[in-house]
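Below is one structure, written out as structure tokens; comments come after it.
The values are calculated or read from the model by the stated rules, or taken from the named source; none is laboratory data. Just so it is clear, the model here is predicted, and its values are computed rather than measured. Positions of Cβ are backbone-derived with ideal geometry, glycine not excepted, and every protein chain shown enters the neighbour counts.
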Amino acid sequence: MSVLTRIRNALIAAAVSALMIGLVGCSNTANSPAPGNLTVNVTIANRQVNPSNATLQAKVGQPITFHITSDAADELHVHSVPDHKFEIAAAPNQTFQFTVDVPGNVDVELHHLDRTIATIQVRP
Ligand SMILES: [Cu+2]
């Protein structure tokens, strides 16, 4: 076997193993996808809240984002363990993000309006 043939064979072997590692990497990603962000868009206007009493699904550790547009100041209270509180201003496009560490049903409330935006069913 000539030197050139040896080099060519070595290169082909390297390319094939790189391809196989790449395929294994892809299938691993497909088997355990990272949980995406759960985004909830909320509008508060004239004391009306939308959505209201919604039921949502999430997983422990999954980033949960509330985008809130409001015409009144309020307090967003996430009844997780531990809980989260956010001050809502009378302003458009406010973003609040949190994660939930303990599985269970988590109520997300507006304390001034005394309304429940959603109950998030958080799975392990
Ligand atoms: Cu509360």
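A few remarks follow.
So that you can scan it fast, the table gives a plain yes or no per residue for (1) of a type outside the set (Phe, Trp, Tyr); (2) surrounded by 14 or more Cβ atoms within 10 Å (Cβ to Cβ):
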position	(1), (2)
42	yes, yes
46	yes, no
58	yes, yes
62	yes, yes
66	no, yes
78	yes, yes
83	yes, no
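- Scanning region 97-116 for residues that are under 18 Å from the mean Cα position of the chain (by Cα) and within 14 Å of the ligand (Cβ to nearest atom) yields 98, 105, 106, 107, 108.
- Within region 65-75, the set of residues being within 13 Å of the ligand (Cβ to nearest atom) and within 18 Å of residue 36 (Cβ to Cβ) is empty.
- Candidate set: region 76-96, residues that are within 17 Å of the chain's Cα centre (by Cα) and closer than 17 Å to residue 55 by Cα; chosen: the one farthest from the ligand (Cβ to nearest atom): 80
- Selection of first residues in region 95-124 that are surrounded by 15 or more Cβ atoms within 10 Å (Cβ to Cβ) and of second residues that are aromatic (Phe, Trp, Tyr), restricted to Cβ pairs under 6 Å at least 6 apart or on distinct chains, gives the following pairs, ordered by first then second residue: 96/66; 96/86.
- Any hit, region 52-59, residues being within 16 Å of the ligand (Cβ to nearest atom), touching a Leu at 6+ places or on another chain (Cβ under 7 Å) and at pLDDT 95 or above: no
- All of 71, 101, 83 fail the test of being of a type outside the set (Ser, Thr, Tyr) and closer than 15 Å to residue 119 by Cα, apart from 83.
- Residue pairs meeting the criteria (Cβ under 8 Å; at least 6 apart or on separate chains; first within 16 Å of residue 119 (Cα to Cα), in region 39-62; second exposed (fewer than 13 other Cβ atoms within 10 Å of the Cβ) and β-branched (Val, Ile, Thr)): 60/102
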